[in-house]
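Notes to accompany the following structure.
The values are calculated or read from the model by the stated rules, or taken from the named source; none is laboratory data. Computed from a predicted structure; not experimentally measured. Please note: Cβ atoms are built from the backbone with ideal geometry, for glycine as well, and neighbour counts cover all protein chains shown. The accessibility values were calculated without ligands, DNA or RNA, using every heavy atom of the protein model including side chains. Shrake-Rupley method; radii C 1.70, N 1.55, O 1.52, S 1.80 Å.
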Amino acid sequence: MKPLTRAEEQVMKVLWKMGNGLLMEVVEKMPAPQPHKNTVATILKTLVDKEFVNIEQLGRIHRYHPVVSKDDYSKTTLTNVAKSYFDGSFSNVVSFLVDEHKLSVNDLELLLKQLKKK
């Protein structure tokens, strides 16, 4: 799976939330300041080329559908971060988050409870 740029991720987040949408619907749901429709159209074309989005032809207009789910993209992205920066170790990721005070003891206890349930 190819990585996405920040702008591509923004468009994908809108599509994931909507489920599908026409160009102007996607533009309207973009966070402020909203990009120009031509910019969004170009990003959507790139997302089609990267096989993240499919097009449904409705006469002269297109409806865009995400092909890659948010969960699949998140898993791949997190795995790539672990591989690139933490020697592929998720325990190193967790240790880093604890060291940076991004993960508390309560958070760790909740994670441990979740692991024990599974």
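Of note:
- Mean residue ellipticity at 222 nm, helices only, the chain: -19000 deg cm²/dmol; runs of at least 4 DSSP H residues each add -39,500 (n - 2.57), and the sum is divided by the number of residues.
- Label corresponding to P(r) over Cα pairs in 5 Å bins from 0, in percent when calculated from the structure given, among [x] 2, 10, 17, 17, 14, 11, 11, 10, 6, 2, 1, 0; [y] 2, 12, 20, 23, 18, 12, 7, 3, 1, 0, 0; [z] 2, 11, 17, 20, 16, 14, 11, 6, 2, 0: [x]
- Counted residue by residue at 0.36 nm each, then reduced by the alpha carbon distance between them, the extension gain from Ile61 to Asp87 reaches 4.8 nm.
- Calculated FRET value between Lys13 and Leu97, using beta carbons and R₀ = 25 Å, to 0.05: 0.65
- If the chain linking Asp49 and Glu25 were pulled fully straight, counting 0.36 nm for each residue of separation and taking away their Cα-Cα distance, it would gain 6.6 nm.
- Whole-number accessible area per residue in Å² for the chain, which is evaluated in the context of all protein chains at 1.4 Å: 74
- Helix 105-117 axis, angle to the chain major axis (alpha carbon atoms, nearest 10°): 80
- Exceeding the 24 Å Cα-Cα cut-off - candidates Lys13/Lys50; Lys17/Lys50; Lys17/Lys116; Lys75/Lys102; Lys75/Lys117; Lys17/Lys45: Lys17/Lys116
- Short-range pairs are left out: with C-alpha atoms under 8 Å and at least six residues apart, the relative contact order of the chain is 20 percent.
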